[in-house]
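Participant: Have a look at this one.
The values are calculated or read from the model by the stated rules, or taken from the named source; none is laboratory data. Note that the structure is predicted; figures quoted are calculated from it, not measured. So basically every Cβ, Gly included, is an ideal-geometry build from the backbone, and we count neighbours across all protein chains shown. In case anyone asks, the SASA skips ligands and DNA or RNA and just uses the protein heavy atoms, side chains included. Shrake-Rupley method; radii C 1.70, N 1.55, O 1.52, S 1.80 Å.
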Amino acid sequence: MKKFLYITDQDEYTDHSFIGAFFEKYLGKYFDTNILYFSEFKSDFERKDEQRFILPLKLKKDLLDELSKNGIDIDSYDYIVVRNDFDTLKHILKRKIKHNYKVGFRLSFSKRIVKLQEDEVSNKKSIFDVIGNSIKTISETNLINESDIFIPTSEHIKKEFFPNIKIKTFTIPPAIDPEVLHENIQHVEDFKRFFYAGTLDKLRDFETILKAFSQINSNQFKLSISTKDPKYAEEMLSRFPNLKNCVEIYNARTKSELLQLIAKADVGLSILPDIALFNSSTPVKILDYYSSGIPCIMTNSTNNQELFKSDNEAWFCKFDETSIKEKLEEIISLSKEEVAQIGINGQKRLLEVRNYEKISKNFALELDLL
């Protein structure tokens with residue numbers, strides 16, 4: 001069996017539900033896979049188990065030598081894939097000929113692009129930022145083109161941010177694990193329970209969604225929010241006193257806690273501003289919602305339109321107060337059975353086209369062709 005090494009840019013304690021499902025469980029059926037994480041706290045290399053390694057962050061610069069020192073045979077790997085980190089990609093590419101492995105680059109998101117879009121929203125972006133970004137993009141594109149395969153989370157990311165990539169591309173989008181589906185916990189009350197999971201910041205402009213909720217002339221809804229910054233959420237909510245008794249704020253610390261909260265909801269929220277960063281891929285929260293059979297109201301973007309049928313598998317909405325308010329009122333007026341059916345349809349659709357088991361099989365076939 002061929003060997004595969006996935007070098008993450010993640011801490012050992014980060015939620016690894018995607019990596020665990022895709023690379024360990026499903027890709028592990030086709031390759032002998034190893035996953036490398038990093039730690040700010042450990043001083044020595046650690047074998048977590050047969051698949052997972054932990055390397056101190058301070059040793060990252062010379063990670064191949066450090067792995068070799070700890071009994072890892074670099075020559076045994078047929079494929080090494082790097083996630084997001086261009087410095088690490090450069091290191092792996094330098095040793096490619098010596099060890100005779102194929103190199104892949106996985107792009108899930110770019111912190112640089114996020115920062116640029118945040119500055120644009122805040123009117124802080126300057127001509128120097130634009131020039132600097134262009135130079136950086138050229139440099140990063142050249143590095144990716146030295147690799148054997150590019151693995152973005154969507155085709156839109158490649159088109160929008162890295163249009164000059166020339167090498168083979170295989171898209172691995174967020175998906176659902178067919179073996180980890182969660183039952184939707186139905187409630188007896190008539191009101192609709194909406195749920196938002198994720199970051200709250202200026203770029204996502206969640207305040208626009210709260211404004212829409214505050215204008216609904218009905219008490220037939222509840223809104224739950226789970227975020228890593230509940231204080232920020234409370235400060236935002238304080239500007240809408242009429243929502244005080246309608247909104248609950250949580251801080252789910254694990255994926256399991258989050259999924260338990262989602263399972264009690266009727267409708268998931270994933271309405272984001274109309275910017276390239278958000279329109280280029282499917283937010284992971286959408287997959288979390290549908291894993292529990294929870295239908296989602298989401299941004300009316302090309303990416304989402306390619307994935308779902310409007311009013312059959314999901315609800316699409318423009319990002320403005322009026323559009324959001326009208327769509328929320330429409331959903332509130334539906335019966336519980338109608339809402340639940342949208343979730344069932346959406347989950348079925350994802351099991352067909354966004355299924356980690358199916359995607360990993362196709363990815364393994366693609367790697368064998370390199």
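Participant: Quick one: is Ile131 in contact with a strand residue (DSSP E or B) (Cβ under 6 Å, 6 or more places away or on another chain) and among the aliphatic types (A, V, I, L, M)?
Facilitator: Working: in contact with a strand residue (DSSP E or B) (Cβ under 6 Å, 6 or more places away or on another chain): no; among the aliphatic types (A, V, I, L, M): yes.
When the stated conditions are applied, Ile131 does not pass them.
Participant: Report, by residue number, each residue of region 100-110 that is modelled with pLDDT of 95 or more and open to solvent by 20 Å² or more (accessible area, probe 1.4 Å). Lay out the reasoning, then the answer.
Facilitator: Initially, region 100-110 is screened for residues modelled with pLDDT of 95 or more, giving 100-106.
Within region 100-110, Asn100, Lys102 meet the criteria.
So that you can scan it fast, the table gives a plain yes or no per residue for (1) closer than 23 Å to Val180 by Cα; (2) at pLDDT below 95; (3) among the aromatic types (Phe, Trp, Tyr):
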| site | (1), (2), (3) |
| --- | --- |
| Lys2 | no, no, no |
| Ile35 | yes, no, no |
| Ser43 | no, yes, no |
| Asp49 | yes, yes, no |
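Participant: Being closer than 26 Å to Val188 by Cα, open to solvent by 10 Å² or more (accessible area, probe 1.4 Å) and among the small types (Gly, Ala, Ser) is true for just one of Ser292, Ser335, Ser323, Ser310. Which residue is that? Break it down into steps so the answer makes sense when it comes.
Facilitator: Working: Ser292 fails: open to solvent by 10 Å² or more (accessible area, probe 1.4 Å); Ser323 fails: closer than 26 Å to Val188 by Cα; Ser310 fails: closer than 26 Å to Val188 by Cα.
Just a single option satisfies the conditions, and that option is Ser335.
Participant: Could I ask something else about it? Could you tell me which of the residues Lys358, Lys348, Lys318 is open to solvent by 80 Å² or more (accessible area, probe 1.4 Å), under 22 Å from the mean Cα position of the chain (by Cα) and more than 30 Å from Thr169 (Cβ to Cβ)?
Facilitator: On the way: Lys358 fails: more than 30 Å from Thr169 (Cβ to Cβ); Lys348 fails: more than 30 Å from Thr169 (Cβ to Cβ).
Criteria check complete, one pass: Lys318.
Participant: If you check Leu89, Leu59, Leu64, Leu93, which single one turns out to be outside any strand (DSSP E or B) and touching a Lys or Arg at 6+ places or on another chain (Cβ under 6 Å)?
Facilitator: Of Leu89, Leu59, Leu64, Leu93, the one residue that is outside any strand (DSSP E or B) and touching a Lys or Arg at 6+ places or on another chain (Cβ under 6 Å) is Leu64.
Participant: Test each condition in (1) of a type outside the set (Asp, Glu); (2) over 18 Å from the mean Cα position of the chain (by Cα); (3) open to solvent by less than 10 Å² (accessible area, probe 1.4 Å); (4) over 24 Å from Asp288 (Cα atoms) for Leu57 and report the one that comes out false.
Facilitator: (3)
Participant: Condition first: in contact with a Leu (Cβ under 9 Å, 6 or more places away or on another chain), over 18 Å from Pro174 (Cα atoms) and open to solvent by 30 Å² or more (accessible area, probe 1.4 Å). Can you find one or more residues in region 28-38 that meet it? Quick ask: steps written out before the conclusion?
Facilitator: From region 28-38, those in contact with a Leu (Cβ under 9 Å, 6 or more places away or on another chain) are 30-31, 33-38; that's our starting set.
From what is left, the residues that are over 18 Å from Pro174 (Cα atoms) are 30-31, 33-38.
In the following step, the residues that additionally are open to solvent by 30 Å² or more (accessible area, probe 1.4 Å) were identified as 30.
Checked region 28-38: at least one residue is in contact with a Leu (Cβ under 9 Å, 6 or more places away or on another chain), over 18 Å from Pro174 (Cα atoms) and open to solvent by 30 Å² or more (accessible area, probe 1.4 Å).
Participant: State which residue is surrounded by the fewest Cβ atoms within 10 Å (Cβ to Cβ) when the search covers only region 192-242 and only residues that are in contact with a helix residue (DSSP H, G or I) (Cβ under 7 Å, 6 or more places away or on another chain) and among the small types (Gly, Ala, Ser).
Facilitator: Ser218
Participant: Go through region 245-289 and give me each residue that's out of contact with any Pro (no Cβ under 6 Å at 6 or more places or on another chain), among the small types (Gly, Ala, Ser) and either open to solvent by less than 10 Å² (accessible area, probe 1.4 Å) or at pLDDT below 90 (or both).
Facilitator: Hits for region 245-289 are Ser256, Ala263, Ala265, Gly268, Ala276, Ser280, Ser281.
Participant: Then there's this: Go through region 303-343 and give me each residue that's polar (S, T, N, Q) and within 26 Å of Lys211 (Cβ to Cβ). Give the derivation first.
Facilitator: Step one: filter region 303-343 for residues polar (S, T, N, Q), giving 303-305, 310, 312, 322-323, 333, 335, 341.
Passing the criteria: Asn303, Asn304, Gln305, Ser310, Thr322, Ser323, Ser333.
Participant: For region 243-254, which residues satisfy the criterion of being charged (D, E, K, R) and either out of contact with any strand residue (DSSP E or B) (no Cβ under 7 Å at 6 or more places or on another chain) or part of a loop (DSSP other than H, G, I, E, B) (or both)?
Facilitator: Lys244, Arg253
Participant: A follow-up question, please. On the given criteria, is Phe128 at pLDDT below 95, part of a loop (DSSP other than H, G, I, E, B), not assigned by the TED database to the domain that holds Leu272 and not acidic (Asp, Glu)? Spell out the reasoning first.
Facilitator: Working: at pLDDT below 95: yes; part of a loop (DSSP other than H, G, I, E, B): no; not assigned by the TED database to the domain that holds Leu272: yes; not acidic (Asp, Glu): yes.
Answer is no for this residue.
Participant: Test Pro273 against the stated conditions and say whether it is out of contact with any Gly (no Cβ under 6 Å at 6 or more places or on another chain) and more than 17 Å from Pro174 (Cα to Cα).
Facilitator: Values: out of contact with any Gly (no Cβ under 6 Å at 6 or more places or on another chain): yes; more than 17 Å from Pro174 (Cα to Cα): yes.
Judged against the criteria, Pro273 is a match.
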